[in-house]
Amino acid sequence: MRSKFRIATVLLLCTILSFSHSSNAVENQPRTIVTGWIPYYSVKTVLPFIKKLPTTNSPIVGAPITCEPSEYSAENIAALNASYLYTNKDLMKEVMPFWFSLKSPTLIRNDYLTGNPSWPMADTLCLMRKTGLKIIPTMTDGTDKLVLSGYLANPQTRTTIVNTIVDLVNKNGFDGIDLDFEGFAFVDPNTTWAKTAPHWVNFIKELSLQLHVSEKLLSVSTPYVFNPTEKQKGYTVYAWAEIASSIDRLRIMTYDYSVARPGPIGPIAWTEKTLKYAISIMPASKVFIGLPGYGRDWITSIVGTCPTNAPAGLKVGSRAATFKMSYANTKAAIDKATPVFDVKNSEATYSYVQTFNGLTSKGAATTCSVSRTVWYQNDRSYTERMNLVAKYQLGGAALWTLGMEDSTATTAMRNVALAIAPDAVMSSLTIENIESKTVNYGDIFTLKGVLTLKDMTPIAGLAVSLEMKREAETAWTSIATLTTSEDGSISTPITIGGSAEFRLTTTGTWERAESTSNVEPVTVRPKLILERPATVQHGKPIRITGKILPGTSGSAVELQRMVAGSWQNIRVSTVTDTNGDFSLETSEATRGILVLRVQIISGGQEINSPEFSIVVR
């Protein structure tokens, strides 16, 4: 199956598409319904100019990843902009690097490192992150027959595997994980499925809980499953109905229908049948249809005895040769064949004959005729399958692998994505009741948002997430969920203890695209609270206590006195304690009225209290 299928050279991110975007396509963004896998063995063709970059300062895996534009030459940037991901990022919102394999409860093999020992993974991740796409790497089952099933049956080892996966995701800053555990389907006997399935379900539920705590996604890629009431063959070990509420993505491998014998790669009726079952037990937005970027070429008969100079392995029933879809037209020309489109299966096919003349191993003249049959999907196949995405409002399509399709198939996907593009949501955020976007600690201000369509039509009843990012934070946190009124607006009072930034976000639906508003910063001025006497006897101690909010330790505190129209320090000072508290003490020998204030220097900011008077009697 897929984990065993490999094409040595995949022109992945470096494929420059032959079509250009029309001005209408730029104005009306397509629906982001394309995703796919990036195998470890094709990384050297992903971003080849990365070899020109210095790698001595590359961060190690697990360290914070930075990827500054200054690291790249104009040539590098031009190549990056022309690469597959950058050219098509408007069609996509996530990719799945096919890089990891689970070997034991505590060991995940990094196949990227094996395939690219002198090419830091961090460099590739940096460049992928520059696309703005989510990175959800795929992990396969790298264990032997029934080993993983045994691990999952043991609660302790199952939890260990969960922790190992979550640790990998969090350390590398991935957006989630995609599980491609095909061993259950193709290595373990199907007689074990009933016993394995409950342990698999427990594993998925436990992993889902831990990933979702960190706001990470859980994706599962499996072969097809049909409605069990229909009693048809399907890979029931994956228990779709039981894991539906725990997963965020289900990528169905709707290909490899024909492997040992000639036939379609993924008949469209067969494909639609498994999709219909999937969306009957989970939201359609979680479901992704698999698209093969490859074709197969089978030997169907051999007449005569083939000479020794014929290619090795010519035998009826031998493993089919595979080829990239982008090579299909060239291959057909070489084979001197004219492909036809099989409407029933929605795939292209043709048959041809190869003739080999030469000598036998004993030197006798001989000839053989090798009949072959080819099946593959083309641009029409992709159009019809993308139409299923539209028909059932699926999450999208997943390509095995990205870049193996030819440019006409990519154009076909783009055309469908444009035809079903969601309405753009325009979101704006403003701050009311304050000047210069600055407030005193504890003061209330108002955040107001307006959400409309492009033509300024208000969107009523829309759920809006209000997000905040504090000064020391790098991630946004949702602090409230609001609903737009009839005029498309939201309004909410806010009080904060420290400077922060705010924005509004909305989740994408089939009808409307996700949105993010402008960012509005709010600076918080610290607040001084003072306690002091109104009157005091001359010569007696004058004690002034106070607190700075938010509490900041080590801030310099100075007592000042108004003298001849100006403020002067009177050499009474201290620093705030760990709670932001302070105490000042002075005295005055002369009767009269003292005009004082407290000045604090906190974080380089000068804070002055209002002036106050004390009667000295």
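Computed quantities for the displayed model
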quantity	calculated
Every residue from segment 532-542 that is of a type in the set (D, E, K, R) and either surrounded by 15 or more Cβ atoms within 10 Å (Cβ to Cβ) or modelled with pLDDT of 95 or more (or both)	Arg532
Of the criteria (1) under 29 Å from Trp510 (Cβ atoms); (2) of a type in the set (A, V, I, L, M, F, W, C); (3) not assigned by TED's automatic domain parsing to the domain that holds Asn163, which one Ile247 fails	(3)
Set Val524, Val464: member being outside any loop (DSSP other than H, G, I, E, B) and either more than 15 Å from Met426 (Cα to Cα) or of a type in the set (Asp, Glu) (or both)	Val524
Selection from segment 355-389 of residues that are closer than 23 Å to Trp270 by Cβ, surrounded by fewer than 21 Cβ atoms within 10 Å (Cβ to Cβ) and among the basic types (Lys, Arg)	Arg380
Residue ranges of strands (runs of 3 or more DSSP E) in segment 204-307 with at least 3 members over 19 Å from Trp37 (Cβ atoms), over 19 Å from the mean Cα position of the chain (by Cα) and in contact (Cβ under 8 Å) with a residue 24 or more places away in the chain	294-304
Residue match in segment 322-341 (condition: free of Cβ contacts under 8 Å to residues at least 60 places away in the same chain, at positive phi and touching a strand residue (DSSP E or B) at 6+ places or on another chain (Cβ under 9 Å))	yes
Candidate set: segment 83-122, residues that are in contact with a Leu (Cβ under 8 Å, 6 or more places away or on another chain) and hydroxyl-bearing (Ser, Thr, Tyr); chosen: the one modelled with the highest pLDDT	Thr87
Residue match in segment 104-113 (condition: part of a helix (DSSP H, G or I) and either in contact (Cβ under 8 Å) with a residue 60 or more places away in the chain or closer than 18 Å to Asp175 by Cα (or both))	yes
Unmet criterion (only one of (1) in contact (Cβ under 8 Å) with a residue 24 or more places away in the chain; (2) surrounded by fewer than 16 Cβ atoms within 10 Å (Cβ to Cβ); (3) assigned by TED's automatic domain parsing to the domain that holds Leu596) for Thr516	(3)
Answer from Ile136, Ile161, Ile165 - the residue that is touching an Asp or Glu at 6+ places or on another chain (Cβ under 6 Å), surrounded by 20 or more Cβ atoms within 10 Å (Cβ to Cβ) and either in the same structural domain as Ser221 (by TED's automatic domain parsing) or in contact (Cβ under 8 Å) with a residue 24 or more places away in the chain (or both)	Ile136
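The rows are residues; the columns are (1) outside any loop (DSSP other than H, G, I, E, B); (2) at pLDDT 95 or above; (3) under 30 Å from Thr474 (Cβ atoms); (4) of a type in the set (Phe, Trp, Tyr).
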residue	(1), (2), (3), (4)
Ser491	yes, yes, yes, no
Leu504	yes, yes, yes, no
Gly554	no, no, yes, no
Val572	yes, no, no, no
Asn579	no, no, yes, no
Thr590	no, no, no, no
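The values are calculated or read from the model by the stated rules, or taken from the named source; none is laboratory data. Computed from a prediction, not measured in an experiment: that's the story for all the values here. Glycine also receives a Cβ, built like all others from the backbone with ideal geometry; neighbour counts cover every protein chain displayed.
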